Each structure stands twice: as C-alpha cells, then as structure tokens.
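Notes for the one structure printed next.
Read-outs: derived from the displayed coordinates by stated rules, not from any lab. Predicted model, so just to flag it, every value in this text is computed and none were measured. Cβ atoms come from the backbone with ideal geometry, glycine included; neighbour counts cover every protein chain shown.
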Amino acid sequence: MKLYAQNVGFNATLNTYRAKQVIKFAKGKTCLEIGCGSGQITKYLVKYFKEVSVIDMESKHINNLPKYKNILSKQIGKFEDSHFYETYDYIVCTNIVEHIEHLDLFFKALKSVCNSRTIIFISVPNAKSYNRQLGVELGMLKDYLNLGKQDKAVGHKKMFTPSVLEFDLKLSEFKILKIGTMIYKPFPNSMMNKLPKSIINKCLNYKMKDNGAEIYVVCKIK
C-alpha cells in the first residue's frame with residue numbers, strides 16, 4: 001500500500017478529527033488497530049484501552065511507534081495474512097478497506113478476531129463526497145466511483161458510497177449499528193490546505209448526510 005502525505009496539511013486535521021470519532025464508539029479493555037500508520041490514532045487508543053495490538057504493512061511505521069507500555073503486540077504485513085490468537089473488544093480500521101484487493105478475505109480475517117461483543121469502527125473515503133462530485137462536473141473524473149489519478153497514486157483499489165460499503169459488510173455477515181458520513185470537504189486537499197483555520201473548523205463541524213468526505217461504520221458480527 002502506498003502512503004501519501006499521511007500526516008501533513010489538511011490530512012493532519014482529518015487525522016485528529018477521525019481519531020475523535022473513533023474514540024466516541026470505543027468500548028472494553030482490548031483493542032486491535034488494523035493499519036496503524038505512523039500512529040495518528042494509536043496515540044488516542046493507548047490512552048483509552050488497557051491493551052492495544054497494532055498491525056501495519058510498513059515496517060518503518062511499526063518500528064517507529066513510540067514505546068507505549070500497553071501495546072502488547074506489533075505485527076508487520078497484510079492483516080488477512082497475519083495470525084492473531086485472540087479476540088478484541090474494539091477493532092479500528094480507518095482508511096484501509098479502500099486499499100484491499102480481496103475484500104472477502106479481509107472480512108473473513110476480521111471476523112476471526114471478533115467475539116459476540118466486539119465493536120468495529122471502519123472509515124473509508126466517500127465516493128459521493130462534494131469534492132468528488134465537483135471533480136466529475138469539471139471532467140476530472142468520469143464517474144465518482146471511478147478511481148482517479150490520485151486514488152491510484154495512493155493505492156486505492158475501490159471507492160465506496162455508504163450503500164456500497166453497507167452492502168459489502170452485510171454480504172460478509174456483519175451487523176450495521178451506525179453508518180454515516182463526516183467532514184464537509186468541498187475541495188481537494190491541495191485547495192483545503194489553503195483555507196484559513198476558521199473555515200476548516202466550520203467544515204469539520206458541518207452536519208453531513210451522504211456527502212461528507214468520509215464514510216464511517218460501526219458494526220459487529222451477526
């Protein structure tokens with residue numbers, strides 16, 4: 001998976017906002033973070049959970065994570081190829097699913113680390129976001145579900161709408177507890193970076209229905 005400007009500019013703002021949403025639904029004592037990156041959300045999880053496990057495809061991310069006392073397990077590689085021998089109370093998977101080529105294998109692996117009480121938080125970029133719709137209007141994208149040049153550059157394999165993500169999860173026998181979109185993002189990141197902080201704050205707090213920059217789902221196994 002290619003990573004691009006993971007915690008720079010507007011992406012850094014998104015990371016902070018996303019982490020706050022993740023913590024809103026956090027429950028239990030143990031947590032697994034799939035695709036921890038450079039730890040933008042991990043630093044919040046270690047404050048909430050007694051035990052945290054992390055996995056990422058990039059060895060530099062795992063090796064450079066701060067030495068948090070309550071991170072009990074670190075793994076490098078694809079989650080669907082990994083080996084976990086326990087279940088977790090809370091599983092976090094932010095902006096990873098859109099990079100997965102074989103979703104059926106990924107979701108099968110995800111279910112293997114769940115028990116009947118496990119809560120899962122998933123977020124993905126929204127194909128129907130305002131900025132992608134603008135891209136279609138300007139001829140930069142043929143269709144909002146198409147992978148654009150930037151999508152391919154960062155390793156996206158599939159774009160999701162709320163209904164597409166919901167369908168895929170239900171097909172793999174997950175129960176949806178809550179689904180929605182978040183973050184008003186009218187322009188690409190390159191333009192969002194130039195907006196004053198006051199405007200950015202309004203965008204973050206603007207109530208969204210189906211056209212926010214990201215889709216979030218809270219779910220569990222059936």
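What whole-number distance in Å separates the alpha-carbon centres of the range 148-199 and the range 79-145? Centre-to-centre distance over Cα atoms comes out at 10 Å.
Suppose every K and R has +1 on its Cβ and every D and E has -1 on its Cβ; what is the size of the dipole of the chain about the Cα centre, in Debye to the nearest 20? If you can, show how the numbers build up before the last one.
On the way: 35 positive and 19 negative charges, 161 e Å.
Using only the charged Cβ atoms, the result is roughly 780 debye.
Between the amide H of I119 and those of Y90, I91, distances stay under 5 Å, these residues lying 5 or more places away or on another chain, with hydrogens modeled in the peptide plane. In degrees between 0 and 90, to the nearest 10, how far off the longest principal axis of the chain does helix 162-171 point, with axes built from Cα atoms? The angle comes out near 30 degrees.
Once Rg and the Kirkwood radius are both taken over the C-alpha atoms of the range 10-221, their ratio Rg/Rh works out to 0.95.
Using C-alpha pairs below 8 Å separated by at least 6 residues, the relative contact order for the range 10-221 is 20 percent.
Think of the range 104-196 as a dipole: +1 on every Lys or Arg Cβ, -1 on every Asp or Glu Cβ, centred on the Cα centre; then among I119, I176, L105, I119 lies furthest on the positive end.
Report the local net charge at M208: Lys and Arg +1, Asp and Glu -1, summed over other residues whose C-beta lies under 11 Å from its C-beta. Neighbour charge sum, excluding M208 itself: +2.
When each of the peptides 174-181, 185-192, 124-131, 67-74 is scored by how many other beta carbons lie within 10 Å of its residues on average, the order from highest to lowest is 124-131, 185-192, 174-181, 67-74.
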